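Data first, discussion second: the structure below is written as structure tokens.
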Amino acid sequence: MIKALLYKDFNALKRYAKIMLVVAVVCSFLFKDEGSSLIVMIYAASLMLTTMAIDEREHFLRRAISDSGRNKAIVGEKYILLFLLVTAAVVISIILEVVMAVIYKRPIEWESLCILILSGFALTSFSGGTTIPLTLKFGSEKARIILLLCYMVPAVLLMWLLPNLDITLSTALICILIIVFSLLMYLISFFISLKILDNKDF
């Protein structure tokens, strides 16, 4: 069932995927550094909200929900979709980073790029992990302002903290902490979303 749900959502996102590619290219030329990857990852994660808005408009949940097993597949698919969208954004960002390095003849700082990408994963894990249960609870329209804050506030804080944070930690430790945080956000958010969907009254 999850494969069918992913096919449904990717088919709905065809047009938006092209826009993501344009955003990635434009941001790369505007920023000329690794900072563009963070914006591309945030945009990719926000596409997951688009699929939930489409589901709401077409009353998909009302027609699809029948038992707890199906509920797990419906909720789990959104988290898999979020991960796949962000991963696609990472691949595009790395390719564009290499291209920009060749065009502007500058070395690629792989360590800082790696930390930035993992930070993007943490940010999208927090934002997406907040988005899914909020949208299931309140609907895409009512939750839109809250969801905007969930994406913008952490992004601004992250962009400010990364260059100003004066804490000496090894790169390996930073990567481990970010990965653990991201996994915890996915796990906690999944069970909250599942609980909301199980109790949802249509």
Residue separation between Ile179 and Cys114 times 0.36 nm, minus their alpha-carbon distance, gives in nm 22.2 nm
Over 25 Å (Cα to Cα) among Lys78/Lys195; Lys14/Lys195; Lys18/Lys200; Lys14/Lys105; Lys14/Lys200; Lys142/Lys195 -> Lys14/Lys195; Lys18/Lys200; Lys14/Lys105; Lys14/Lys200
The simple spin-label model distance between Glu56 and Ile95, using points 7 Å out along Cα→Cβ, in nm, is 3.2 nm
Between Val22 and Leu6, the two model label points (7 Å from Cα along the beta-carbon direction) sit apart by a distance in nm of 2.8 nm
Over the range 43-105, with neighbouring protein chains present, the accessible area per residue in Å² at probe 1.4 Å is 47 Å²
By the mean-Cβ-within-10 Å protection proxy, highest first, 107-118, 10-21 rank as 107-118, 10-21
Taking a crude spin-label model, label points 7 Å out from Cα along the C-beta direction, the Arg63 to Ile188 distance in nm is 3.6 nm
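What FRET efficiency would be calculated for the residue pair Ile145, Phe29, taking the C-beta separation as r and a Förster radius of 22 Å, to the nearest 0.05?
Efficiency at R0 = 22 Å is approximately 0.10.
The values are calculated or read from the model by the stated rules, or taken from the named source; none is laboratory data. Keep in mind the model is a prediction, meaning the values are calculated, not measured. All Cβ positions, even for glycine, are placed from backbone atoms using ideal geometry, and neighbour counts span all protein chains on display. Calculation scope for accessible area: heavy atoms of the full protein, side chains included, ligands and nucleic acids excluded. Shrake-Rupley method; radii C 1.70, N 1.55, O 1.52, S 1.80 Å.
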